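Encoded as structure tokens, the structure appears first; notes follow it.
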Amino acid sequence: MAERTFVMAKPDGVGRRLVGEMVRRFESRGLKLVGLKMQVMPKDLAKAHYAEHAEKPFFGELVSFITSGPTVQMVWEGLNAVEAVRKMNGATNCLKAEIGTIRGDFGLSVQNNLVHASDSVETAQREIALYFKQEELWDYAMPDGHWL
Ligand code: UDP
Ligand code: MG
């Protein structure tokens, strides 16, 4: 099933110049970029994004971290895109993330784990709507689309 998933380079991912590396990996995998923007997240948007963690002890620090610098928002489309990107990002704790994943190759921390991705199709729909208007998402054909 063709799906869309929401992916974000966190402030450490941008600050460590890893945005290109992330984009390269998702493109090479065969996913299609259908939305892209950059912003320093306002606190209320950060709280809405991470609402499921509002009661967790790390919530305050997480909101401070995610609003501490520029972030890059992306929407990637492709076959089973949600699961594919979660696997490519790796486990939440970079130390536990497999080598070969973005977090396993470039991170050491739990909080500063470089990249976010939606954990289900429903979450993806909610997260995409938080960051993108319908007219900011692009519908287009790729020349190699039939292979993918
Ligand atoms: N996080 C943290 N401490 C923890 C667990 C998570 O700072 O003990 C941060 C981390 O940046 C993580 C984010 O909170 O990416 C959201 O946590 P979640 O469990 O949803 O992980 P993810 O879906 O990003 O792998
Ligand atoms: Mg999560």
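The values are calculated or read from the model by the stated rules, or taken from the named source; none is laboratory data. In this text, all values refer to a predicted model and were calculated from it rather than measured experimentally. Backbone-built Cβ (ideal geometry, glycine too); neighbour counts: all protein chains shown. For accessibility, only protein heavy atoms count, side chains too; no ligands or nucleic acids. Shrake-Rupley method; radii C 1.70, N 1.55, O 1.52, S 1.80 Å.
List of remarks:
- Charge sum, other residues only, whose C-beta stays under 11 Å from Ala2's C-beta, Lys/Arg counted +1 and Asp/Glu -1: 0
- Seen against the Cα atoms of the chain and their longest principal axis, helix 121-131 is set at about 70 degrees.
- On the chain, 57 percent of the accessible area sits on carbon and sulfur atoms, based on a 1.4 Å probe.
- In the stretch 1-145, a dipole from Cβ-located charges (positive for Lys and Arg, negative for Asp and Glu) runs towards its positive end, and of Phe26, Leu36, Thr67 it is Thr67 whose Cα lies farthest in that direction.
- Per residue solvent-accessible surface (Å²) - the chain, probe of 1.4 Å: 55 Å²
- Using the alpha carbons alone, the radius of gyration of the chain stands to its Kirkwood radius in an Rg to Rh ratio of 0.95.
- Peptides ranked, highest mean first, by Cβ atoms within 10 Å: ranges 133-145, 72-84: 72-84, 133-145
- Paramagnetic reach from Glu83 in the stretch 99-134 [backbone N under 20 Å; point 7 Å along Cα→Cβ]: 101-102, 117-126
- Note on the stretch 63-148: the alpha carbon radius of gyration divided by the globular reference 2.2 N^0.38 Å gives 1.23.
- Additional length obtainable on full extension of the chain from Arg24 to Lys133, 0.36 nm per residue less Cα span: 36.8 nm
- Listed residues Arg103, Arg29, Arg86, most fluctuating in the chain (Gaussian network, C-alpha, under 10 Å): Arg29
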